[in-house]
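Participant: First the structure, which I've put down as structure tokens, then a few questions once you've had a look.
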Amino acid sequence: MAEARFYHLLRVPLERALPLLLERCLARRWRAVVRVASAERVAALDQHLWTYGDRSFLPHGTARDGDGELQPIWLTDGGDVPNGATVLFLADGAEAEDTGPFELVCDLFDGNDPDAVAAARERWKRLRQAGLTLTYWRQQADGTWTEEARHDPKAPE
């Protein structure tokens, strides 16, 4: 059963937070899928992940590139998971209808957008009802994360 982590973006935008989280995945040799809300957003993130740092890039691919099974990180606006990923990143309000194939689901949402916050709360409720272990991470002023809440369905109430 998957664990879900909610990342409340307050100080650093997705374009700065996501690469750091993806770097951690690659360091652990995990494969990841990044699901966003539109093809335009996929294209923008595709370009960004090649150029986000002066001395680094994140190896990744999209449907336009093909060879999904070879990509350690797959960017999509759909439900495809051609690389056998065990980690799913959701951004821009993208949803995961089935978390079954994943060990970890990371939901990144814009804390400065009241609609995005409300939608994230609804996703939290749905995943809690589905029996997932949940953690809520709040972004600090320096861009680091602090765990603010945890729900473990196996823990005594």
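Participant: Tell me which residues, restricted to region 71-95, are part of a loop (DSSP other than H, G, I, E, B), under 18 Å from L132 (Cα atoms) and β-branched (V, I, T).
Facilitator: T86 - this is the single residue of region 71-95 that is part of a loop (DSSP other than H, G, I, E, B), under 18 Å from L132 (Cα atoms) and β-branched (V, I, T).
Participant: Do you know which residues across region 9-22 are touching a strand residue (DSSP E or B) at 6+ places or on another chain (Cβ under 7 Å) and part of a loop (DSSP other than H, G, I, E, B)?
Facilitator: If the condition is that a residue be touching a strand residue (DSSP E or B) at 6+ places or on another chain (Cβ under 7 Å) and part of a loop (DSSP other than H, G, I, E, B), then L10, R11, V12 are the ones that fit.
Participant: Restricting the search to region 139-157, which residues are of a type in the set (A, V, I, L, M, F, W, C), without any contact (Cβ under 8 Å) to a residue 24 or more places away in the chain and loosely packed, with under 11 Cβ neighbours inside 10 Å?
Facilitator: Of everything in region 139-157, just one residue is of a type in the set (A, V, I, L, M, F, W, C), without any contact (Cβ under 8 Å) to a residue 24 or more places away in the chain and loosely packed, with under 11 Cβ neighbours inside 10 Å, namely A155.
Participant: For region 23-32, indicate whether the set of residues that are surrounded by 12 or more Cβ atoms within 10 Å (Cβ to Cβ) and assigned to a strand (DSSP E or B) is non-empty.
Facilitator: Yes, that holds for at least one residue.
Participant: Can you pull out every residue in region 112-133 that is among the small types (G, A, S) and modelled with pLDDT of 95 or more?
Facilitator: Of everything in region 112-133, those that are among the small types (G, A, S) and modelled with pLDDT of 95 or more turn out to be A116, A118, A119, A120.
Participant: Still on this structure, please answer the following. Among the residues of region 63-117, which ones are in contact with an Asp or Glu (Cβ under 6 Å, 6 or more places away or on another chain) and buried (at least 20 other Cβ atoms within 10 Å of the Cβ)?
Facilitator: Correct list: L75, L90.
Participant: Ok, one more. Listed residues A91, A27, A96, A39; which is touching a residue at least 12 places away in the same chain (Cβ under 8 Å), over 23 Å from R121 (Cα atoms), small (G, A, S) and out of contact with any His (no Cβ under 7 Å at 6 or more places or on another chain)?
Facilitator: A39
Participant: Does F57 qualify as being in contact with a Phe, Trp or Tyr (Cβ under 8 Å, 6 or more places away or on another chain), among the aromatic types (F, W, Y) and surrounded by fewer than 17 Cβ atoms within 10 Å (Cβ to Cβ)?
Facilitator: Answer is yes for this residue.
Participant: Further question: Here is a list: Y136, Y52. Which entry is surrounded by 15 or more Cβ atoms within 10 Å (Cβ to Cβ), within 22 Å of R28 (Cβ to Cβ), of a type in the set (S, T, Y) and at pLDDT below 90?
Facilitator: Being surrounded by 15 or more Cβ atoms within 10 Å (Cβ to Cβ), within 22 Å of R28 (Cβ to Cβ), of a type in the set (S, T, Y) and at pLDDT below 90 holds for just one of Y136, Y52, which is Y52.
The values are calculated or read from the model by the stated rules, or taken from the named source; none is laboratory data. Computed from a predicted structure; not experimentally measured. For neighbour counting, all protein chains shown are included, and Cβ atoms are generated from backbone atoms with ideal geometry for every residue, glycine included.
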